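A short worksheet on the structure shown next.
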Amino acid sequence: MTDSVDLAQLPTPFFLVEEGKLEDNLKQLKEVMDRTGARILLAQKAFSAYALYPMIGRYLAGATASGLFEARLGAEEMVSVLAAEGKHCENHIFAPAYQEKDFPQILAYCDHIVFNSWKQVQRFGARARAAGRSVGLRVNPECSTQEGHAIYDPCAPGSRLGVTRSNFEAALAEPGGGELLTLLDGLHFHTLCEQDSDALERTLDAVEEKFGDFLPRMKWINFGGGHHITRPGYDLARLERCIRRMQERYGLQVYLEPGEAVALDAGELVATVLETGENGGLFAILDTSAACHMPDVLEMPYRPPLRGSGEPGEKRYTYRLGGPTCLAGDMIGEYSFERPLREGDRLVFEDMAIYSMVKTNTFNGMPLPAVVLRGRDGRARVWKEFGYEDFRGRL
Ligand SMILES: *Cc1c(COP(=O)(O)O)cnc(C)c1O
């Protein structure tokens with residue numbers, strides 16, 4: 001990592017991760033753990049800037065992975081590093097389907113393995129148990145609590161994620177079904193997205209209604225992610241009641257595995273205006289692309305906050321901001337400014353630590369943004385820079 005750099009001199013685009021903000025979030029999550037006894041894990045898929053895993057591991061109970069590579073990253077960059085400091089971090093994994101060729105490594109890296117179906121439990125559960133791993137099954141409580149983001153609703157009809165009550169029962173009714181149940185240490189659900197604890201409370205009602213008869217024989221329950229715990233105004237008291245409810249009624253260890261809440265608002269994406277133009281309104285072409293550097297802007301979709309700007313029409317000059325790729329729809333959004341944008345102006349998109357670096361791509365041969373870390377003292381260090389070989393290397 002380079003010494004402190006002058007950000008004004010650093011070429012754009014770059015992600016700027018704010019360690020102070022990350023640590024503030026971690027402290028809040030740690031307080032929830034300390035008050036309730038719940039264990040909170042980093043869902044790496046949202047934020048995998050592993051330079052900061054040692055800090056995250058010092059506050060949280062560990063990490064969770066969506067597959068083998070994330071599991072390895074968590075094991076090598078968090079679990080091992082913290083072990084050297086004398087702290088045990090847990091390493092969990094959930095994936096919709098594991099592959100035979102990966103499973104030995106998964107067993108080596110992970111201490112909790114969550115399966116998505118009874119078939120998967122049948123295939124791998126006994127081996128996980130024999131290796132001393134904790135085994136979980138993801139259930140689908142069939143309780144949608146969000147509108148708007150249908151692609152983030154694992155409870156939608158026809159979902160492939162999690163076992164429904166009827167599939168749960170059908171598997172247990174098969175010959176040997178009862179034995180399957182004895183392989184389980186815990187149940188896992190993940191149904192929320194950027195939500196408050198009222199949605200969690202409703203989901204717990206559904207989980208108890210559908211699977212409550214199996215909870216007394218479990219050791220743990222995992223509430224998944226999607227809890228916007230570090231967002232101002234989040235109802236922490238209700239979250240803690242939800243945690244205690246599962247602890248007191250069923251004697252369960254509660255896990256939460258937020259991604260967003262860990263690095264919420266803990267980073268920016270800094271870009272430069274390359275050119276401005278007009279076509280039925282002002283537009284500007286930036287050196288950052290929605291399609292390549294912030295794909296959730298198009299996928300989710302959403303309009304990222306831009307420092308110092310207003311809603312369209314709110315300030316004097318409204319621009320449509322777009323990327324330098326060939327894609328007509330590579331548009332970040334419409335923003336207004338007090339003065340006209342000029343070539344070379346720098347723009348700072350906020351809340352860009354989560355679901356950004358982990359999703360970048362080099363479509364059109366676009367360069368990947370550098371990753372810069374800024375400490376609480378304001379000193380910034382370049383962690384990663386990318387070039388032509390990163391584009392070429394994956395083709
Ligand atoms: C995505 C995901 C998470 C993290 O979700 P956030 O919305 O980032 O908090 C946790 N667990 C599972 C199984 C997930 O798929």
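Residues within the reach of a label modelled at Ala97 (point 7 angstrom out along Cα to beta-carbon, backbone nitrogen below 18 Å), restricted to region 154-175, are 158-164. Note on Glu343 and Glu299: the model spin-label points, each 7 Å out from Cα along the C-beta direction, lie 3.4 nm apart. Here is the list for region 59-93: GluC sites (Glu not before Pro) lying in DSSP coil, each with at most 13 other C-beta atoms within 10 angstrom of its C-beta, are Glu85. Under the combined filter of DSSP loop state and at most 15 neighbouring Cβ atoms within 10 Å, region 195-264 retains these trypsin sites (Lys or Arg not before Pro): Lys219. A dipole drawn for the chain from +1 and -1 charges on Cβ atoms has a positive end, and of Ser356, Phe211, Ala171 the residue lying farthest that way is Ala171. Find the centroid of the Cα atoms in region 169-223 and in region 344-365, then give the distance between the two in whole Å. So the separation of the two Cα centres works out to 37 Å. The residue list Ser66, Leu10, Ala51 was ranked by how far each Cα lies along the charge dipole of region 1-84 toward its positive end, using unit charges on Cβ atoms, and Ser66 comes out on top.
Summing charges over all other residues whose Cβ lies under 14 Å from the Cβ of Val121, with Lys and Arg as +1 and Asp and Glu as -1, gives +3. If the chain linking Asn364 and Lys27 were pulled fully straight, counting 0.36 nm for each residue of separation and taking away their Cα-Cα distance, it would gain 117.3 nm. The stretch between Asp205 and Val81 holds 40.8 nm of extra length on full extension. This uses 0.36 nm per residue minus the Cα-Cα distance.
Estimated from the Cβ-Cβ distance and a Förster radius of 22 angstrom, the FRET efficiency linking Glu179 and Ala130 is about 0.95. Taking label points 7 Å from Cα along the Cα-to-Cβ direction, Arg231 and Arg165 give a separation of 2.8 nm. In sequence order, region 374-382 has phi-based couplings of 10, x, 4, 6, x, 6, 10, 10, 6 Hz under the Karplus curve 6.51 cos²θ - 1.76 cosθ + 1.60, θ = phi - 60°, and Gly or Pro positions carry x.
On the basis of the beta-carbon distance and an R0 of 35 Å, Glu314 and His149 show a calculated FRET efficiency of 0.85. Using DSSP to define loop residues, name the trypsin sites (Lys or Arg not before Pro) in region 1-37 whose beta-carbon has at most 10 other beta-carbon atoms within 10 Å. Sites meeting the loop and neighbour criteria: none at all.
Using the Cβ-Cβ distance between Glu385 and Glu275 with R0 set to 35 Å, the FRET efficiency works out to roughly 0.90. Inverting the pair-averaged 1/r between distinct Cα atoms of the chain gives 22.5 Å as its Kirkwood hydrodynamic radius. Summed over all non-identical Cα pairs, the Kirkwood treatment of region 37-263 gives a radius of 17.7 Å. Beyond 22 Å in Cα-Cα separation lie the following of the pairs Lys30/Lys87; Lys45/Lys119; Lys30/Lys384: Lys45/Lys119; Lys30/Lys384.
Using only side-chain charges placed at the Cβ, +1 for Lys and Arg and -1 for Asp and Glu, the dipole size of the chain relative to its Cα centre rounds to 900 debye.
Read-outs: derived from the displayed coordinates by stated rules, not from any lab. Quantities reported herein were computed from a predicted structural model and do not represent experimental measurements. Using ideal geometry, Cβ is built from the backbone for each residue, glycine included, and neighbour counts are taken over all protein chains shown.
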